[in-house]
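A short write-up of the structure that comes next.
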Amino acid sequence: MQRIKNFFRWFVATRFRRWGIYLLLGVVVLVLASHFWIANSAKGFTYTSANDVPARDVALVLGASPKAKGGHDNLFFKYRMEAAAALWKAGKVKCILVSGDNHSKNYDEATAMRTHLNELGVPDSVINLDFAGFRTLDSVVRCKDVFGQTSIVLVSQEFHNERALFIARHYGFDAVALNAQEVSLKYSIKTLVREYFARFKCVLDLYVLKTEPKFLGKKEMLKMR
């Protein structure tokens, strides 16, 4: 009887381990498939120089905190603002929409983005603020549903732009992207690793979960030159 019990325990444990391995492999395959699907879909729609970007109506600048952990300047933020300013100065867009998280009085990405753009020579008269860009999907969908714009140049780092383009084109945007300067691997390795899972979640949001933005609200008109 004891032998039978031992065999049963071994069988169950082996079966669970086997299915656990299968499940893990399945997740890895789906994550990698999502990564390459999104990367390939962006080919031909991203640019590294503002002068090469096809003209569109709006530059949609994706948010980031101006400060990194530890209190030093966030290079992702800095380089995105520099790219957006270069796009404006090259005459490629009619206005800029900065979209960021403003979940509390003490955390306001959009206002920080506007301030930095002002310092780079972009006038207030063409900068528009979206305070409900809690995530990339929210920023893109709100650009269409709240601000009524689908002709856009996305501005972020390349890895982020690829995912944003995937979302934008899913929603019928006429979108291209300007890749901001990359951040050295020393500072970006964690972000790049997280991006693999963000892309998997992106595919789930669009094709399985049908995720909506956290907040839409009333429609708004953009200031343009």
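Values in this text are rule-based calculations from the coordinates and carry no lab data. Please read these numbers as outputs of a predicted model, since none were measured by experiment. No Cβ is skipped: glycine too gets one built from the backbone with ideal geometry, and neighbour counts run over all protein chains shown.
Side notes on the structure shown:
- Of all DSSP bridge pairs formed entirely within the chain, close to 10 percent run antiparallel.
- Rel. contact order, % - alpha carbon contacts under 8 angstrom, at least six apart, the chain: 25 percent
- For Lys105, the lysines whose Cα comes closer than 20 Å to its Cα, not counting residues fewer than 8 places off in the same chain, are Lys67, Lys69, Lys214.
- The ranking of His72, His116, His160 from fewest to most other beta carbons within 10 Å of each one's beta carbon is His72, His116, His160.
- Under a Gaussian network description of the chain, with springs only between Cα atoms under 10 Å, the residue in Ala110, Ala177, Ala33 that fluctuates furthest is Ala33.
- Part-to-part distance (alpha-carbon centres) for region 134-210 and region 65-105, which is given in Å: 15 Å
- Histogram of C-alpha separations across the chain, 5 Å bin width, %: 1, 7, 13, 17, 18, 14, 9, 5, 3, 3, 3, 2, 2, 1, 1, 0, 0
- Counting beta carbons within 10 Å around each of Leu154, Leu30 and listing the fewest first gives the order Leu30, Leu154.
- Ordering Tyr171, Tyr22, Asn118 by the projection of their Cα atoms onto the charge dipole of the chain, which places +1 on the Cβ of Lys and Arg and -1 on the Cβ of Asp and Glu, puts Tyr22 at the extreme positive end.
- Signed unit charges on C-beta, dipole axis of region 63-130, positive-most listed residue Asn102, Phe77, Ala90: Ala90
- Dipole of the chain, positive direction: furthest Cα of Ala198, Asn128, Ser184, with charges on the beta-carbon: Ala198
- Computed magnitude of the charge dipole of region 41-209 (debye, nearest 20; Cβ of K, R +1, Cβ of D, E -1): 300 debye
- Using alpha-carbon coordinates, inclination of helix 109-119 to the longest axis of the chain, degrees: 40 degrees
- Shape parameters for region 80-144, alpha-carbon atoms, Rg then Dmax in Å: 11.7, 34
- Exposure proxy shown here: for Arg169, Arg17, Arg80, the number of other Cβ atoms within 10 Å sets the order, fewest to most, as Arg17, Arg169, Arg80.
- Label-to-label distance, nm, for residues given as Leu216 and Tyr22 (7 Å Cα→Cβ offset): 4.1 nm
- Of Lys190/Lys223; Lys94/Lys218; Lys144/Lys201; Lys94/Lys219; Lys43/Lys92, pairs whose Cα-Cα distance is over 27 Å: Lys190/Lys223
- Over the chain: helical MRE at 222 nm, DSSP H runs n ≥ 4 each giving -39500 (n - 2.57), nearest 500: -16500 deg cm²/dmol
- Angle of helix 158-170 to the longest C-alpha principal axis of the chain, folded into 0 to 90 degrees and rounded to 10: 90°.
- Between 0 and 90°, nearest 10: helix 2-41 axis offset from the chain longest Cα axis: 20 degrees
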